[in-house]
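To start, the structure under review is shown below, and the notes come after it.
Every number here is computed from the coordinates shown, using simple stated rules; none is lab data. On a predicted model such as this, the values are computed, not experimentally measured, just so you know. So basically every Cβ, Gly included, is an ideal-geometry build from the backbone, and we count neighbours across all protein chains shown.
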Amino acid sequence: MAPKPNLPADFVDLLTEFAAADVRYLVIGGYAVGFHDRPRTTKDLDLLLGDTLENTERACQALRAFGAPSGVVDSFRKAGSDEIVWFGSPPSRVDLLKSAGGVDFASAHARRVHMAVGALDISVVAIGDLIAMKQAAGRDQDLVDLKRLRRVMERPKRGG
């Protein structure tokens, strides 16, 4: 089993507020790669959130409870599905997305996997969906991640 990424306390606090508000989200990006393979350096926590009015309002409630600036909360509420709203500074930046290339949120959320951090259950994008997202993005780092993720998929399953 791959070592789990070490989430900074602020990220855990944010995801705790998401859990309390019943926000539908998926951890994607570098932290998801670290969950499925091995941790790597990343400048932010990428979160894909379900793009419904109800989920957006729950996310805004959680962001307020977390202490995000009101401008961030308002920007996320008004953001289009193709816009990224972010706050913080690398490496503690958080990127909030309402869509990601290569996946449909509802289907990806149904296939999500779980990472436990203490008592907190964190929703992480499944490896197949992460691969589809990396293929769709196609940036240099995504291509490096794709090679690593494909190797993980090719490994024999243990204990089965």
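Some points to look at:
- Calculation over all alpha carbon pairs of the stretch 51-160 in 5 angstrom steps from 0 returns a P(r) of 2, 10, 15, 19, 22, 17, 8, 4, 2, 0 percent.
- Legend: translational diffusion of the stretch 1-124 by Stokes-Einstein, Rh = Kirkwood radius over C-alpha pairs, 10 °C, 1.306 mPa s; D = 110 µm²/s.
- Helix 9-20 vs. the chain, principal-axis angle (Cα, 0 to 90°, nearest 10): 70
- Distance (nanometres) between label positions extended 7 Å along Cα→Cβ at residue 12 and residue 38: 2.4
- Under 16 Å from residue 78, Cα to Cα: aspartates and glutamates that are on another chain or at least 8 residues apart: 51, 54, 57, 95
- Approximating the spin labels as points 7 Å out from Cα along Cα→Cβ, the residue 84-to-residue 70 distance works out to 2.8 nm.
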